[in-house]
Amino acid sequence: MPEGTPRPRRGATTIEEVARAAGVSRQTVSNALNAPQRVRPDTLARVTAAIRELGYQPDQSARSLRSGARRTLGYLAPVDDPFDPNPLMAGFLEALVDAAGAQGQRVLLFRPGQGRAGGAVQGLAQDAAQDAAQGGAQDAAGPLAAIDELVAARQVDGLVLADVLGDDPRIGHVVRAGLPFVTFGRTGPGQPQHWVDIANDTAMAVVVRHLAALGHRRIGYVGRAEDLPWMAARRAGFLAEAARLGLSAVTAARPDVAAVRELLRGPERPTAFAAGSDLLALDVYEAVRAEGLAVGPAGVAVTGFHDTPLCRHLHPALTSVRLPLRTIAAALVERLLGQVRGEAPPAGGLELAAELVVRASSRTSP
């Protein structure tokens, strides 16, 4: 900005003042904000510096009225207990908001209700499981009605869905509504493959190889809700890799402490357990100690899945599979904005690798 030019009051700067400070036209500033690829790099750098120096804040509402874009992405979130929140999905929401913000987008969080968005209902995965057991049409109405309200209100440019099942009724509903969408979790055959997910089976195979490398030949698995595709994939990955390595593998009859204790009392008790989640690993800890054994390489090695914050605070600290939540969120936002811009979607979903974080529950050295 030329020396002596009065410094405008922050927050009151106009686009014309930015143009004068940068020595360009008003249209060039508009292009720098809305279509930076049209602006020469040196000019774009000048305009960006002027915007930063003057503290210019674009009028998003006016831009939205002109372009029809709301610069807002909707996230249909499962209902959670505020006194016992799901730490994985809380972490995903944090990553999603950051990824959207990096692209100049906001996230509108909404939840399914009994015919109205924002009402209190059960979590989507639980709804889907109940749908299968009860016929499902009435229970599925909550999420679908919430989507309809969002579309009718024209509040978002696209939608992010999570906890996706293979026959998830939300997918077909969003497709028929014509709303761009992406999913954290795989869609079924014949549906648009706008998903990003981790390779759950591969991640569990890494766990099995880790335990085998420590010398464990008899390993157990504790899972829950095998009708959920991600849990089924973890169990399948565990069994397949154990068979490939010639290990003796058993699965707990139920996802609870009593079932794990039954395995530990058997003549061929497992010397290590892989759990399908960190919370299930807590049950393994309790069962191991109830049988007078120790958790760790000298006793019974234990691994979890999700690498939630509790892993670091257990004694011993829990080895767990870490999901790349920030990478997942960034990929979802990029794929969704591609649809909003009218670009051809990728031919298939994106599968990302997870990371095994080894801690004292299965580590032989500090």
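Some points to look at:
- Test: residue in segment 169-180 that is within 30 Å of GLU241 (Cβ to Cβ) and out of contact with any Asp or Glu (no Cβ under 9 Å at 6 or more places or on another chain): no
- Helices (runs of 4 or more DSSP H) enclosed by segment 247-366 - at least 3 residues per element that are within 22 Å of GLY220 (Cα to Cα): 257-265, 278-290
- Residues in segment 178-193 that are open to solvent by less than 40 Å² (accessible area, probe 1.4 Å), touching a residue at least 24 places away in the same chain (Cβ under 8 Å) and in contact with a Gly (Cβ under 7 Å, 6 or more places away or on another chain): 3 in all.
- The set of residues from segment 226-243 being assigned to a helix (DSSP H, G or I) and either open to solvent by less than 20 Å² (accessible area, probe 1.4 Å) or touching a residue at least 24 places away in the same chain (Cβ under 8 Å) (or both) comprises PRO229, TRP230, MET231, ALA233, ARG234, ARG235, ALA236, GLY237, PHE238, ALA240, GLU241, ALA242.
- Among the residues of segment 332-366, those identified as over 30 Å from ALA213 (Cα atoms) and among the basic types (Lys, Arg) are ARG335, ARG341.
- Looking across segment 321-335, the residues that are out of contact with any Leu (no Cβ under 6 Å at 6 or more places or on another chain) and over 17 Å from ALA199 (Cβ atoms) come down to ARG326, ALA330, VAL333, GLU334, ARG335.
- Residue among ALA162, ALA205 that alone is open to solvent by less than 50 Å² (accessible area, probe 1.4 Å) and closer than 30 Å to GLY266 by Cβ: ALA205
- The set of residues in segment 273-295 that are more than 21 Å from GLU226 (Cα to Cα) and either of a type in the set (Lys, Arg) or crowded, with 19+ Cβ neighbours inside 10 Å (or both) comprises TYR285, ALA287, VAL288, ARG289, VAL295.
The values are calculated or read from the model by the stated rules, or taken from the named source; none is laboratory data. Please read all numbers here as calculations on a predicted model, not as lab measurements. Positions of Cβ are generated from backbone atoms using ideal geometry, with glycine treated the same way; all protein chains shown enter the neighbour counts. Surface areas here come from the heavy atoms of the whole protein model, side chains and all, with no ligands, DNA or RNA. Shrake-Rupley method; radii C 1.70, N 1.55, O 1.52, S 1.80 Å.
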